[in-house]
Amino acid sequence: MNDDKNTAQPLAEVFCFPIWNDAAQAMRYRNQKLCPFNNKVPNCTKDKANNPLGVCSIHHNNKPVITCPVRFREEWLIIENAAEFAFPVNTKWTSLTEVKLNDRNGQSAGNIDFMLVAYDDKGRLVDFMSLEVQGVYISGNLRNPFDAYLEQPTAEFTWRAGYNSPKPDYLSSSRKRLIPQMLYKGGILKSWHKKQAVALQKTFFETLPPLPVVEKEEADIAWFLYELVHDEDQNRFRLTLVETVYTAFEAALLKITTPEPGEMSDFLHQLQGKLDEHLDGNEPDAPSLTDIISQ
């Protein structure tokens with residue numbers, strides 16, 4: 001992306017197109033609230049179907065960061081790349097969306113974003129694999145700048161940054177979403193010796209600990225890392241595969257879920273400070289049982 005593009009505001013793509021694109025097609029998508037990325041319906045349905053939050057990606061450190069998982073469906077690259085990882089060449093395959101996965105007790109382990117299934121000439125299932133797609137959660141308020149832009153869509157749109165400005169929340173995206181689903185759903189698939197794929201942005205992947213890699217033939221998981229690359233001719237961003245990382249299941253999840261401990265001396269210093277405050281009477285004592293009963 002050119003450095004002269006307007007990044008003095010959080011919106012990168014609104015209803016597919018960069019906000020500095022004022023071509024007739026871009027204006028049509030904004031006016032009709034359309035989604036070109038293979039949503040379940042032609043219109044964007046993010047947040048609210050009748051008033052969608054049509055932000056596909058936001059600016060962060062002068063780069064577009066994907067916030068909507070549907071954005072990854074452009075040209076169905078994620079499906080094609082995953083199939084090439086799991087199935088032999090010339091395999092007949094298709095994909096199914098939102099497939100429910102149960103554990104041994106019949107309890108739901110969650111839905112698989114995409115289940116790729118291979119079948120023979122008679123349509124009989126011969127193999128399958130999973131594909132999980134992970135966008136990035138946002139902290140702050142994205143609705144306000146989005147609504148302000150739609151009131152007067154212009155390439156010169158600006159938005160004053162403040163304490164509640166929208167920005168990527170990579171930590172929540174990994175701890176609250178990616179890691180739990182990889183542990184639980186992924187654990188079931190691993191026990192069945194089925195391959196798994198994860199599609200996410202490279203900038204998100206780089207916030208994870210470095211994972212021990214293996215050769216493609218030995219991998220349980222393929223991490224497909226994408227970026228949004230600006231197409232100067234079309235004046236829009238294109239989803240582009242920039243790297244693939246192959247890992248074993250247990251080694252990768254162990255690395256992700258094992259924290260790197262800080263210095264115990266720092267924690268002891270914090271505890272001593274808390275203790276000093278407590279003994280000096282600057283920190284309120286916990287209520288006694290008598291106090292609680294008398295309230």
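Over all directions, what mean area does the Cα convex hull of the range 130-197 project, stated in square nanometres?
Reported value for the Cα convex hull: 6.2 nm².
Give the percent of DSSP beta bridges with both residues in the chain that are antiparallel, rounded to the nearest 5.
80
Check which residues have an amide H placed less than 5 Å from HIS60's amide H, if you skip close sequence neighbours.
Long-range HN contacts for HIS60: VAL65.
Across every pair of different alpha-carbon atoms, what Kirkwood hydrodynamic radius in Å does the range 148-295 reach?
One decimal place: 20.6 Å for the Kirkwood radius.
What value in Å³ per residue do you get for the convex hull of the alpha-carbon atoms in the chain?
239
With a cut-off of at most 15 other beta carbons within 10 Å, and DSSP calling the residue loop, which GluC sites (Glu not before Pro) in the range 197-255 qualify? Please list them.
GLU206, GLU215, GLU232
When the Karplus curve 6.51 cos²θ - 1.76 cosθ + 1.60 is applied with θ = phi - 60°, which whole-Hz ³J(HN,Hα) does each residue of the range 216-224 get, with x for Gly and Pro?
3, 5, 9, 7, 8, 10, 10, 9, 8
Of all the stretches in the chain, which is the longest one without any exposed loop site, taking trypsin sites (Lys or Arg not before Pro) in a DSSP loop (any state but H, G, I, E, B) with at most 13 other Cβ atoms within 10 Å?
Counting at most 13 other Cβ atoms within 10 Å as exposed, the longest clean stretch of the chain is 161-295.
I need the GluC sites (Glu not before Pro) found in the range 124-182, filtered to DSSP loop residues with at most 14 other beta carbons within 10 Å of theirs.
GLU156
Springs between alpha-carbon pairs under 10 angstrom, Gaussian network model over the chain: which of PRO166, PRO145, PRO212 fluctuates most?
Highest fluctuation of the listed residues: PRO212.
Counting only helical runs of four or more DSSP H residues, what would the 222 nm mean residue ellipticity of the chain come to if each run contributes -39,500 (n - 2.57) and the total is spread over all its residues?
-7500 deg cm²/dmol
Using r as the Cβ-Cβ distance of ARG160 and ASP233, and R0 as 30 Å, what FRET efficiency do you calculate, to the nearest 0.05?
So the FRET efficiency works out to roughly 0.35.
Only the coordinates and a few stated rules stand behind these numbers; no lab work does. Predicted, not measured: the structure shown is a model, and the values here were computed from it. Glycine gets a Cβ as well: all are built from the backbone with ideal geometry, and neighbour counts include every protein chain shown.
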